[in-house]
1. Checking the structure you have, find out if any residue of the stretch 65-83 is more than 25 Å from Asp174 (Cβ to Cβ), more than 31 Å from the chain's Cα centre (by Cα) and acidic (Asp, Glu).
2. What number goes with the only condition from (1) modelled with pLDDT under 95; (2) out of contact with any strand residue (DSSP E or B) (no Cβ under 6 Å at 6 or more places or on another chain) that Gly386 does not pass?
3. Can you name every residue in the stretch 17-53 that is buried (at least 19 other Cβ atoms within 10 Å of the Cβ) and among the charged types (D, E, K, R)?
4. Give Arg357, Arg380 a once-over and let me know the one that is touching an Asp or Glu at 6+ places or on another chain (Cβ under 6 Å) and either of a type in the set (Asp, Glu) or crowded, with 20+ Cβ neighbours inside 10 Å (or both).
5. Restricting to the stretch 235-257, count the residues that are touching a helix residue (DSSP H, G or I) at 6+ places or on another chain (Cβ under 9 Å) and either over 23 Å from Ala279 (Cα atoms) or not β-branched (Val, Ile, Thr) (or both).
6. Restricting to the stretch 298-329, name every residue that is surrounded by 16 or more Cβ atoms within 10 Å (Cβ to Cβ) and among the charged types (D, E, K, R).
Amino acid sequence: MIRMTLDEIAKVTGGRLVNSSPSLSVSGPVEYDSRRIRPGGLFVAFEGEKVDGHEFAATAVAKGAAAVLSTRDTGQPGVVVEEPLAALAALAREVVTRLTGLTVVGLTGSSGKTTTKDYIGQLLSRLGPTIAPAGSLNNELGFPYTVLQATEETRFLVLEMGARGIGHIRYLCDIARPDVGLVLNVGAAHIGEFGSVEGTAQAKGELVEALIPAGTAVLNADDPLVAAMASRTAARVLFTGESPDAAVRATDVSIDGAGRASYTLGFAGDAGNIVLKVAGRHQVANTLAAAAVALSLGMTFDELVTALGEIGIVSSRRMDVFTRPDGVTVIDDSYNANPSSTAAALHALATMAGGRRIAVLGYMAELGHHEVSGHVEVGRLAAELGVDRLIAVADNARPILDGASEVGDWTGVAIFAEDQATALRVVRGDLRDGDVVLVKGSRYRTWDVVDGLRPEEGRP
């Protein structure tokens, strides 16, 4: 965080200074986990259902925290506020206001947000100091937490924006208004909260509405609901995709035996050959979106062509492909799942050279009244793509197998596993050299399986 005195922090947050001189300053990172505190930082004490951060205030200060932001006096130097989440938002807003040389990039979408954020971070870091931390820090806590990592040296701040309702992205944009806003796609993720994909589109489009006329909206021309958002912004619009309408366009797409895409990138009369190191055809759309952001912020076309061929996976459990000593290839895409992202992962599995294709699929959360149909749809696709062994993990994922059974000419094997431990035993018991195994599910529901398949030295 930029250097601020406790007096300034108190004024920005509407809080009360305690146990300290007003001139005491915070110059280190803001953290809400006392184990991550670094010298000069600000420890934020949240009172949770199971853990009360106030009990760790003294530990945080002993480890070097300059002060504590809390809802009650902990006996440590700090500022007492009514609501720490609102205080974090206020601090983040103040930091963005003070950093006049900062360019803010905001992105959202139903799938691919974190991966694309990672790609943008890798590209922009070639242009200057960039904040784009690994992981999905895209909610009302993670968003300001990311903003507060910016310092006077930061040139680019890349912010992922999640939403579970109308107004959520508008709220985040009020904390840090983007100069560049990117919408990847609109799908069934969180449809239980939005009610329909049209409701999702309405919420995601709040990002481009927040842009100033001098800003840039990067929109996916291949997704009609996203392309239609062009009418909701006064900013310059830069379309991406494989459509002839796309300004940043991919043509001649091909996939190699490792599931990696190659394509011809076109922009403003220039053309270049891109060979990606990351697996999955859906990475074409993700890298096009990242490319558009980089081009809009000054990267030359030639530098971009080189950079796209070098970007890789940063955040864990997202299309992380590894090959075991026994010749089995595993696709770890277990961080989260919805019908769109699972379909993308299944297509990637189907393109990879090797022996049998094995898909271990867990529950996809937050689908509301689309829950059963969403799982059936995924199972049907797995069978249509010729998956050899389809394993559904736990009762709420069982409709996946129902969907597969609807494909009359499917010759694969459908297996139900009551839990992750059972699924792991089933997979381990019948692995062959050359098998390719995809593990996918909403958070925590399948990643024990993939960790059990990972070589010991590569486990988290």
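The values are calculated or read from the model by the stated rules, or taken from the named source; none is laboratory data. None of these values were measured; they are calculated from a predicted model. Counting neighbours? That spans all protein chains shown, and the Cβs are built from the backbone with ideal geometry, glycine included.
1. Looking for residues that are more than 25 Å from Asp174 (Cβ to Cβ), more than 31 Å from the chain's Cα centre (by Cα) and acidic (Asp, Glu), one finds at least one in the stretch 65-83, hence yes.
2. (1) is the only condition that Gly386 fails.
3. Scanning the stretch 17-53 gives a single hit, Glu31.
4. Arg357
5. Adding up the residues that qualify gives 15.
6. Arg317, Arg318, Asp320, Arg324
Listed here are the residues, each with its yes/no results for (1) closer than 19 Å to Val147 by Cα; (2) assigned by TED's automatic domain parsing to the domain that holds Leu141; (3) in contact with a Gly (Cβ under 9 Å, 6 or more places away or on another chain).
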{"site": "Ser25", "(1), (2), (3)": "yes, no, yes"}
{"site": "Gly40", "(1), (2), (3)": "yes, no, yes"}
{"site": "Phe43", "(1), (2), (3)": "yes, no, yes"}
{"site": "Phe46", "(1), (2), (3)": "yes, no, yes"}
{"site": "Asp52", "(1), (2), (3)": "no, no, no"}
{"site": "Arg72", "(1), (2), (3)": "no, no, no"}
{"site": "Gly75", "(1), (2), (3)": "no, no, no"}
{"site": "Glu82", "(1), (2), (3)": "no, no, yes"}
{"site": "Glu94", "(1), (2), (3)": "yes, no, no"}
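Let's see how each residue does on (1) touching a residue at least 24 places away in the same chain (Cβ under 8 Å); (2) in the same structural domain as Met352 (by TED's automatic domain parsing); (3) in contact with a Lys or Arg (Cβ under 8 Å, 6 or more places away or on another chain); (4) buried (at least 20 other Cβ atoms within 10 Å of the Cβ):
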residue: Glu384; (1), (2), (3), (4): yes, yes, no, no
residue: Leu390; (1), (2), (3), (4): yes, yes, no, yes
residue: Val393; (1), (2), (3), (4): yes, yes, yes, yes
residue: Gln420; (1), (2), (3), (4): yes, yes, yes, yes
residue: Arg428; (1), (2), (3), (4): yes, yes, no, no
